[in-house]
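One structure is given here, and the rest of the page talks about it.
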Amino acid sequence: MTAATATTAETFRPALHYAARNTWLNDPNGLIFHEGVYHLYYQNNPLDKVWGNMSWGHATSTDLLTWTEHPVAISCDENEDIFSGSIVYDRSNTSGFGTEAVPPLVAIYTSAFKPGSGHEGVQAQSLAYSLDGGYTWTKHTGSPVLDRHSAEFRDPKVIKYDGGAGTYWVMVAVEAKDFQVVLYKSDDLKNWELLSTFGPANATGGVWECPDLFQLPVDGDPEDLKWVLTVNLNPGGPNSGSAGQYFVGDFDGTTFTSATTVTEGQQDPSRLAEYQWLDWGRDYYAAVSFSDAPDNRRLMIAWMNNWEYAQRIPTSPWRSPMSLAREVTLAAVDGNLRLVQQPVGDWSTRADSSRDFSLSRTTISDAVQLLDGAAGAVQRIEVTFTPGTAGEFGLILRGDGVVGTRVAVRPEEGFLVIDRRQSGQTDFHESFPSIDTAPVSTKNGSYQLTIFVDHCSVEVFAQGGHVTMTELIFPAETSTGLAVYATGGSATINRLQVTQFA
Ligand code: FRU
């Protein structure tokens, strides 16, 4: 039996990531931490494993690593599909959907109206509420509450603004084809007033979708707060297809002012590498953050897929996993404000320490070294390389030392690379087998990579999370070997540690 025939679709079901039991999912929606539980709602087709019948699926977790699927939370009906949106805890019952004693959770979502609804072809913002902590939902009969008579107005993310200009709800949503984020305010989640618009700016090679707006301290200093506006776009990402960009600046309660805009208006494709990306890989889209995460942390989850080939990935009966949850923080890097990202979770609860593997200082020259005892399908690899004369060095994971997924550094070009051309099944779509790059530079003379490998994914956090790359892979179940390599010269592994997960 060849390795390829040992692969079944269920082989790819992730161990550390959420995927629906037997249906399609795309964007994470309504992320909220409430009463000790992380709620993950998501774009879901309850009837199939391709896009359609869009409804909000629902899963919960207490540790962000293990998820429990629940019945569909908000269903499409004859009038509307339920597109992306967010959830807020309306503590003081501003909406009146609850009571003082039982404040509601309120979902703000996009109604994609169907023929016969009276709003055919329109996308407008609607409400639903829950009085039982997010498990059952009632649609607000007064929806839609915000209608611009637009066919491309979607993906509302609502936050509670509490600053110099007052205290009120702020919504960021998109006019997708205008490459514009539109900002609204409300006191009761039902009546909305336009504040301002942002964009076009930086990457505009595809529609703008799924925005988010949040405040973060710079280098942890509570006296130095900045605002971050994220917006996903499809296509037009740095390595083709779907991706998420961000802007850092200020929000005065009315207007977001970006300090990181490079180009206004139409995209200049030669400048993609100058823009700020949440992730440089092919499979990190529709990223959005949790409301009310503990300790004011900013935690994000993305859909781990790319609209270029999303509906063709070879998994069954489910399709598309979510990314790991990431904490994002803001750091001043060489005088520029940049997001830094780290995976969140208590990995020790899932680690099989009897299979720990480590390699001490080793220099390799124009060679591949398969690491005996490091094989595994679900693992975290932490490695630091010091460049020598090699043009490229790195790891071949989920392989056999010849084929596999290459995670590499090309020091002269200043690139982090994921090469998935020989990662396993790649022939389901012509654009899937790819070699993708992100700019990376040395830190104290070396390159540090933390890599999470799961049954169908690889997530790379380089240089302490300053650069991230997330990609899907579909290796045979038997492809578990881990190798290190250097081509065209030498490179030194200062330290390599592998933690295996159950
Ligand atoms: C992004 C998106 C959103 C929309 C949803 C529909 O992937 O296109 O803009 O709300 O998916 O499923």
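The values are calculated or read from the model by the stated rules, or taken from the named source; none is laboratory data. In this text the structure is predicted, and so the values were computed from the model without any measurement. When we count neighbours, we look across all protein chains shown, and the Cβ atoms used for this are built from the backbone with ideal geometry, even at glycine.
Quick rundown of the values:
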{"quantity": "Residue among VAL403, VAL484 that alone is buried (at least 17 other Cβ atoms within 10 Å of the Cβ) and touching a Leu at 6+ places or on another chain (Cβ under 8 Å)", "calculated": "VAL484"}
{"quantity": "First in segment 361-383 and modelled with pLDDT of 95 or more, second anywhere and loosely packed, with under 14 Cβ neighbours inside 10 Å and of a type in the set (Ser, Thr, Tyr), Cβ under 6 Å, 6 or more apart", "calculated": "none"}
{"quantity": "Which numbered condition ALA243 fails, given (1) more than 16 Å from the ligand (Cβ to nearest atom); (2) more than 23 Å from ALA107 (Cα to Cα)", "calculated": "(1)"}
{"quantity": "Residue in segment 319-365 that is nearest to ASP224 (Cα to Cα), counting only those that are of a type in the set (S, T, N, Q) and part of a loop (DSSP other than H, G, I, E, B)", "calculated": "SER323"}
{"quantity": "Members of segment 81-131 that are among the polar types (S, T, N, Q) and away from the ligand (no atom under 16 Å from the Cβ)", "calculated": "SER92, ASN93, THR94, SER95, THR99, SER117, SER130"}
{"quantity": "Residue in segment 286-304 that is of a type outside the set (A, V, I, L, M) and over 29 Å from ILE108 (Cβ atoms) present", "calculated": "no"}
{"quantity": "Strands (runs of 3 or more DSSP E) contained entirely in segment 26-80, each with at least 1 residues that are in contact (Cβ under 8 Å) with a residue 60 or more places away in the chain, within 19 Å of the chain's Cα centre (by Cα) and away from the ligand (no atom under 15 Å from the Cβ)", "calculated": "37-45, 55-61"}
{"quantity": "Strands (runs of 3 or more DSSP E) wholly inside segment 246-318 that include at least 1 residues being within 16 Å of the ligand (Cβ to nearest atom) and within 18 Å of the chain's Cα centre (by Cα)", "calculated": "285-289, 299-303"}
{"quantity": "Qualifying residues in segment 198-210 (those that are part of a strand (DSSP E or B) and more than 10 Å from the ligand (Cβ to nearest atom)) - the one surrounded by the most Cβ atoms within 10 Å (Cβ to Cβ)", "calculated": "PHE198"}
{"quantity": "Sole residue being in contact with a Pro (Cβ under 9 Å, 6 or more places away or on another chain), of a type in the set (Lys, Arg) and either crowded, with 24+ Cβ neighbours inside 10 Å or more than 26 Å from GLU69 (Cβ to Cβ) (or both), chosen from LYS114, LYS157, LYS190", "calculated": "LYS157"}
{"quantity": "Selected residue (criterion: nearest to the ligand (Cβ to nearest atom)) from residues of segment 149-169 that are in a loop (DSSP other than H, G, I, E, B) and over 19 Å from ASP187 (Cα atoms)", "calculated": "GLU152"}
{"quantity": "ILE396 more than 26 Å from GLY206 (Cα to Cα), outside the structural domain of SER86 (by TED's automatic domain parsing) and in contact with a Leu (Cβ under 9 Å, 6 or more places away or on another chain)", "calculated": "yes"}
{"quantity": "Filtered residue count, segment 259-292, keeping only those that are touching an Asp or Glu at 6+ places or on another chain (Cβ under 9 Å) and crowded, with 20+ Cβ neighbours inside 10 Å", "calculated": "11"}
